[in-house]
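Asker: One structure, pasted below without further comment.
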Amino acid sequence: MIDADTSAAKFASPHPNEVDCKRIERALAKRHRYRYVSPEVCPSENGYRIESPCCSRNIDKSGGVVDVALLEYAEASRTWRLHSKDHVHGTWLLYREFETLAQLLQQLNLDPERIFWQ
């Protein structure tokens, strides 16, 4: 038997979904920094979390996997929110909102201030 409340909650948000997950993976292949590591796109509530091995060793001295960015779809405003990770405190910080996922991915891939790809 399917619980209607659980099923409705499961599909309340359009994100994460497989189509956008693949879109993000393809876009990350075009990034400017740390092209020699393979980031992973993980589903999260209302969006996606990107993690990657830390080859610069700036965040993790042992080169382990670290959080790079959190992409969150805000359904009420129909915008995308890009969050950076404060690795010292272990919290996500809102960096900026974008009208489209494509705009967000462009900023994430360029990362001129090295906020995400550290």
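Every number in this text was worked out from the coordinates using simple rules, so none of it is lab data. Computed from a prediction, not measured in an experiment: that's the story for all the values here. Here Cβ is always computed from backbone atoms with ideal geometry, including for glycine, and neighbour counts include all displayed protein chains.
Asker: In the stretch 88-101, what residues are under 20 Å from residue 45 (Cα atoms) and without any contact (Cβ under 8 Å) to a residue 60 or more places away in the chain?
Answerer: Listed by number, the residues that qualify are 90, 91, 92, 93, 94, 95, 96, 97, 98, 99, 100.
Asker: Please name all residue pairs, on different chains or six or more residues apart, with Cβ atoms under 6 Å, provided the first residue is in the stretch 11-31 and is on the phi < 0 side of the Ramachandran plot and among the charged types (D, E, K, R) and the second residue is surrounded by 10 or more Cβ atoms within 10 Å (Cβ to Cβ) and not in a helix (DSSP H, G or I).
Answerer: 25/41
Asker: Further, regarding this structure: Taking the stretch 94-114 as the region of interest, how many residues are touching a helix residue (DSSP H, G or I) at 6+ places or on another chain (Cβ under 9 Å) and of a type outside the set (Gly, Ala, Ser)?
Answerer: 9
Asker: Return only the number of the condition from (1) touching a residue at least 60 places away in the same chain (Cβ under 8 Å); (2) touching a Cys at 6+ places or on another chain (Cβ under 9 Å); (3) not acidic (Asp, Glu) that residue 66 does not satisfy.
Answerer: Here residue 66 meets the rest and fails (1).
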